[in-house]
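Shown next, in structure tokens, is the structure this report addresses.
The values are calculated or read from the model by the stated rules, or taken from the named source; none is laboratory data. Just so we're clear, the structure is a prediction, and the values are computed from it rather than from any experiment. In this analysis, Cβ positions are derived from the backbone assuming ideal geometry, glycine residues included, and neighbour counts consider all displayed protein chains. Surface areas here come from the heavy atoms of the whole protein model, side chains and all, with no ligands, DNA or RNA. Shrake-Rupley method; radii C 1.70, N 1.55, O 1.52, S 1.80 Å.
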Amino acid sequence: GLGAVTADATYALVAAIGLTFIMKFLLSYQALLSLLGGLFLIYLGIITFFQQPSEEQVDVKDTRLVSAYFSTFFLTIANPVTILSYCIMFAGLGIESASQNFLTAVSLVLGVILGSMFVISLLVIFLRRFKKQLSNKTLILICKSAGIILIGFGIAAIFGGAVSYYHTTCTV
């Protein structure tokens with residue numbers, strides 16, 4: 001979750017400060033980022049689909065946490081739609097650029113960080129609360145379902161990237 005929070009905060013900072021050159025760079029590589037992100041989602045979906053939940057307690061090593069952080073960060077940052085959503089959200093709030101007002105930019109980014117952390121915390125609390133009530137059969141069903149959903153999102157990301165590439169290269 002911390003990787004996703006970091007990526008959200010990065011995009012919120014870019015949108016809040018109004019760094020148009022970074023936004024243009026990310027949007028110019030939207031098709032490539034969508035392809036790479038889509039392939040990564042399909043890869044994660046396949047791994048998740050075939051994953052067998054363990055009934056014994058797993059000892060999490062620091063290297064797995066670092067790996068999970070960076071994979072989640074890059075998965076989230078590879079979605080250029082995220083920055084567009086922040087730009088649209090900030091524009092809807094009447095904030096075109098907070099680069100002239102440092103306090104506004106910091107407030108917006110802190111709001112995104114706190115909101116993301118709140119959602120991740122709720123997810124963790126929910127899972128810890130109901131962990132013992134989930135049978136192995138239910139966990140297998142969750143893994144299969146999550147794998148299919150991830151593969152679907154990966155295909156959608158690749159398709160979206162292809163459409164974006166087509167529109168940028170084939171427009172008159």
Fill in: Probe 1.4 Å - accessible area at Ile155, Å² to nearest ten
100
Discussion item. Using the basic label-point model (7 angstrom from Cα toward the beta carbon), what is the Leu32 to Leu141 distance in nanometres?
Written reply: 4.4
Discussion item. Report, to one decimal in Å, the Kirkwood hydrodynamic radius for the range 111-172 based on all distinct Cα pairs.
Written reply: 15.1
Worksheet item: Ignoring ligands and nucleic acids, what accessible area does Leu103 show with a 1.4 Å probe (Å², nearest 10)?
Response: 120
Worksheet item: Accessible surface of Ser135 in the full protein assembly, 1.4 angstrom probe, to the nearest 10 Å²?
Response: 50
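How would Tyr165, Tyr69, Tyr29 line up by accessible area, probe 1.4 Å, largest first?
Accessible-area ranking of Tyr165, Tyr69, Tyr29, largest first: Tyr165, Tyr29, Tyr69.
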Worksheet item: What FRET efficiency comes out for the pair Leu134/Thr169, r = Cβ-Cβ distance, R0 = 45 Å, nearest 0.05?
Response: 0.40
Response to the item:
Expressed in nanometres to one decimal, the distance between label points 7 Å along Cα→Cβ at Leu122 and Ile46 is 3.4
